[in-house]
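Since the structure comes first, as structure tokens, the remarks are kept for the end.
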Amino acid sequence: MEKGASAHQITTKLAHMEEPPWKKIKLSLERPYKDDNGEAIPTLLDIEADGQQIFEPPEDPTSKVGENLRRIFIERGHDFFDKQHRGAELDEGEEEPQKEATDRVQPMTPEQLFKMRVEVLPQLHIAHGELSQARDLLALLLSTPTPTSILGLSQPTQPSPISNEPPILKATVVNKPPPIQSVHAFNTELVVGGKDRGLRKAAELFKSAAESVEQSRARGEQYWVDALKIRRGNWGLIPAPLPPGSAIGRGADKTCKDFLVSFSLEESPIAFRRRAIGRVPTFDTTASVLEYPLRQQTRLQVSINITNPDGNQHTFKNHLRLQDKSFLEGSLRAAQAEVVEQEIFFALIKEGSSLPTASARVSERLVAIEVAQATEVRFELVSTTPAQKLLSNLLIVTAKIDSDVEDVPPETSDSICDLIFSALHLLLLRAHAHVRTQRLGAPGVIRPGPAPVVEPPPILQPIVDLLQYRAFCARIHAEIGKMDSGLREAGIPTKLRLNPVGENGEQLVSMLTVVASPQRIGGEAILRIANR
């Protein structure tokens, strides 16, 4: 250790002595332009897939000068030097008149000076380029010992026995200089990085393709599992039509590759049978749920509006039972219920205009019938989608605020509305059974000619008769109740018993299911006076 050395210097020397040699290597961040031998590094243009490097070709000064001179004669013409000579002679002849004219020239304005500058500057640039080319040509000719023509027109010359120097204009072979270590490392990193990125992209492509194949396999398995569930549930499976563009000529394969699910009633009109069609999805959709192209998302709702003598109005509605659509069976049952209720509503519209004992108002989604005094029954198609349900609830609330109508909360439902809703389904099945009987006829009986057209039994008229009979029974009970109360006030003991429906349940069901049933709903009212 040297005397007087500071602690910092001693620590630095110890650190340098302890560092390994490979840590002392320093690489400059600046791009190298010379190799280890001091020669210029050529410009790298591209690296091929096999690692071969492509450099920018070296520029030959002789060919560059020849190309520039050739451009002069191509752009200025072959008589370029003659034009320059004639122009000089004309300038000498006009010197004297110009001297007299210059004595009379006035000072130039800034506008004239700018115009002259615009006209002269391009010519000066052209002249500068031409002078530079001429200077390069003269320097080349002076340095060449043998006169040659640069434009391709060679003249016969005698070889000079004195000069043994090699000519300047000659062909040389240029070899690719070996890259220095830093450039070679940089090029290797580029190649490795490009290959790594390509391998990563290929791996991602294979991974996505494998996931797609796995999803397709899972969808195919789910497709046939759903098909077996539908068949086990006794739903109708029909062949799907061929896709657009399929061959339909003679000898073409017309075998159906897919099927559809039909959930309409057997004797429904053709319009509703076409609407009641679903298909198993083949794309990535919600599992175990069918697709319904013509579904309208509407349900039938029965409501009764009763107006009291004091003017208050009460509304009773049936309870809509919604199926669970998250699984296959529930989705089919919900779609079938919608189509059946739409068919019932279509029959109600058809019969609403020809009711003999009641007046009806018919619109696109509403049938309102005044069955009795201060009693109105309404059949309405309501939407089951969340947005449309919210809109309908807002309209109902607005109407209630405007008309000051008292209403029962929508959560409560009346049993008579549920009874009417269920009776409509029974009456529709009775109409279908009648149509099927007329279409098939009695077994063993052959009818000549076309089958007679028979109107199906009504669906709306029994409901109207039921509601009118209910209003009639209520009125009879009110009148007999007045008599009973009057006799009681007179001191005569009385006992009233009213049974509006005298039939049992089996008879009532037969009235709704049998077409030509002779039975009618009836009852009795007994007023016992003085225990007699």
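Computed from point charges on the beta carbon alone (+1 for Lys and Arg, -1 for Asp and Glu), the dipole magnitude for segment 185-234 about its Cα centre is near 260 Debye.
Protection proxy ranking of 341-350, 62-71, by the mean of other Cβ atoms within 10 Å over each peptide's residues and highest first, is 341-350, 62-71.
The separation of segment 468-495 from segment 107-138, counted between C-alpha centres, amounts to 127 Å.
Of the peptides 29-41, 477-489, how do they stack up when ordered by the mean number of other Cβ atoms within 10 Å, highest first?
Working: 29-41: 9.7, 477-489: 12.6.
By packing density, highest mean first, the sequence is 477-489, 29-41.
Within the accessible area of segment 185-234, the carbon and sulfur atoms contribute 61%, probe 1.4 Å, all protein chains present. Residues whose amide H falls under 5 Å from that of Gly236, counting only those 5 or more places apart or on a different chain, are Ser262, with hydrogens built in the peptide plane.
Highest average first, the peptides 326-333, 372-379 ordered by how many other beta carbon atoms sit within 10 Å of their residues are 372-379, 326-333.
Per residue, the accessible area of segment 185-234 comes to 82 Å², computed with a 1.4 Å probe over protein heavy atoms only. With all pairs of different C-alpha atoms in the average, the Kirkwood value for the hydrodynamic radius of segment 185-234 is 14.2 Å.
Taking all protein chains together and a 1.4 Å probe, the residues Ile74, Ile270 rank Ile74, Ile270 from largest to smallest accessible area. Ranked by solvent-accessible area (1.4 Å probe, protein heavy atoms only, all chains present), the residues Val371, Val515 order from largest to smallest as Val515, Val371.
Which loop-located trypsin sites (Lys or Arg not before Pro) does segment 231-331 contain, where loop means any DSSP state but H, G, I, E or B and the Cβ has at most 13 other Cβ atoms within 10 Å?
Details: sites: Arg231, Arg232, Arg250, Lys254, Lys257, Arg273, Arg274, Arg275, Arg279, Arg295, Arg299, Lys317, Arg321, Lys325; in loops: Arg250, Lys254, Lys257, Arg295, Arg321, Lys325.
Those satisfying the criteria are Arg250, Lys254, Lys257, Arg321.
The values are calculated or read from the model by the stated rules, or taken from the named source; none is laboratory data. Please read all numbers here as calculations on a predicted model, not as lab measurements. Here the Cβ is made from the backbone with ideal geometry for all residues, glycine too, and neighbour counts use every protein chain on show. Please note that ligands, DNA and RNA were not included when accessible areas were found on the heavy atoms of the full protein model with its side chains. Shrake-Rupley method; radii C 1.70, N 1.55, O 1.52, S 1.80 Å.
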